[in-house]
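The values are calculated or read from the model by the stated rules, or taken from the named source; none is laboratory data. From a predicted model like this one, the values you see are computed outputs, not experimental measurements. So basically every Cβ, Gly included, is an ideal-geometry build from the backbone, and we count neighbours across all protein chains shown.
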Amino acid sequence: MSTFLTQLPPRLVQEVLSLGQRRAFADGEHLIRHDDDGDFAVILCRARVKVIAVTAGGRSCLLGIRHSGDLLGEMSLLGGMPRCASVIADGPASGCVIPAPRFLQLLRQEPEVAHEVARTVAARLRQADARRADFTYPARVRVIRLIAEEVAEAAADNQPATVRHTQRDIADLIGSSEVTVQKALRELAISGLVTTGYGVLVVPRPARLVTEAHRLMETRHRL
C-alpha cells in the first residue's frame with residue numbers, strides 16, 4: 001500500500017520520525033480532535049484509524065480510513081486552521097507526533113518531503129472528488145467500487161482479502177443508508193463476490209471483484 005512514508009527515501013524516513021515523539025493510543029482514543037488547533041502532525045506507525053466528521057445535525061460520519069505510514073493533520077497545520085475532523089484509533093495504535101514548528105522547518109529544508117506532502121494532499125482531494133462523482137452511480141456500484149479500492153493490491157496474487165468495515169462504515173463512506181448497503185452486500189454475497197461477518201467482509205477472489213467493479217463502471221459510462 002502506497003503511503004506517505006513508503007514514498008520517502010529511507011534516509012528521510014528516519015529524519016522525519018526523529019523530529020517527533022512516538023505515542024501509543026488505545027482503541028477508541030482520539031489522535032486528533034475536531035476544532036482543535038493544528039499544532040502538530042501525526043505519522044501513523046502501526047495503526048488503523050477512522051477519520052470522522054460531525055454533521056450539522058450532530059451525527060458522526062465516517063470520512064475515511066487511514067493506515068500505517070499515513071500522514072495526519074497536514075491540512076490544518078499548513079493552513080493554520082482548526083481541525084476539520086477527528087481521528088480515532090480503530091484498535092491499538094501508535095504514531096509519531098511531530099510539533100508544527102519542526103514539521104514546517106523540515107518542509108523548508110527538504111524539498112522531497114514537501115513534494116510528498118503536496119502529493120498526499122492532492123491525492124486526498126482527488127479521492128474526495130471521485131467520491132462526489134460516485135453519487136451518480138447506484139448504491140450497489142458504489143459499494144463494490146469501495147470494496148475494490150480496499151482489495152486492489154490483494155488482487156495481484158488473488159488471495160482472499162479481509163475488509164474491516166461495518167455496514168454503517170460503508171453507508172457513511174458511500175453516502176447511503178445501512179438498509180441499502182445491506183441489500184447490496186446480500187446481492188454481492190449471492191454472486192459469490194463477498195462473504196459477510198461481524199464488522200468484516202471477506203473477498204474470496206479479489207481479482208474477480210475488481211474486474212466486476214471495472215465492468216460496472218464502464219457499463220455505466222457507456223449508457
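Points worth noting:
Let's see how each residue does on (1) among the charged types (D, E, K, R); (2) exposed (fewer than 14 other Cβ atoms within 10 Å of the Cβ); (3) out of contact with any helix residue (DSSP H, G or I) (no Cβ under 6 Å at 6 or more places or on another chain); (4) free of Cβ contacts under 8 Å to residues at least 40 places away in the same chain:
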| residue | (1), (2), (3), (4) |
| --- | --- |
| Ala85 | no, no, yes, no |
| Asp90 | yes, no, yes, no |
| Ser94 | no, no, yes, no |
| Phe103 | no, no, yes, no |
| Leu107 | no, no, no, yes |
| His115 | no, yes, yes, yes |
| Ala123 | no, yes, yes, yes |
| Ala128 | no, yes, yes, yes |
| Arg132 | yes, yes, yes, yes |
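- Flag if Val117 is closer than 24 Å to His34 by Cβ and not assigned by TED's automatic domain parsing to the domain that holds Arg205: yes
- Scanning segment 52-60 turns up no residue that is of a type outside the set (Phe, Trp, Tyr), farther than 24 Å from Leu173 by Cα and modelled with pLDDT under 95.
- Selection within segment 17-46 - among the basic types (Lys, Arg) and either assigned to a loop (DSSP other than H, G, I, E, B) or exposed (fewer than 13 other Cβ atoms within 10 Å of the Cβ) (or both): Arg22, Arg33
- Test result for Gly20, over 30 Å from Ala156 (Cβ atoms) and at pLDDT below 95: no
- Any hit, segment 56-74, residues being without any contact (Cβ under 8 Å) to a residue 60 or more places away in the chain, assigned to a strand (DSSP E or B) and more than 21 Å from Ala123 (Cβ to Cβ): yes
- For segment 157-169, a residue qualifies if it is in a helix (DSSP H, G or I) and free of Cβ contacts under 8 Å to residues at least 40 places away in the same chain, and exactly one does: Gln167.
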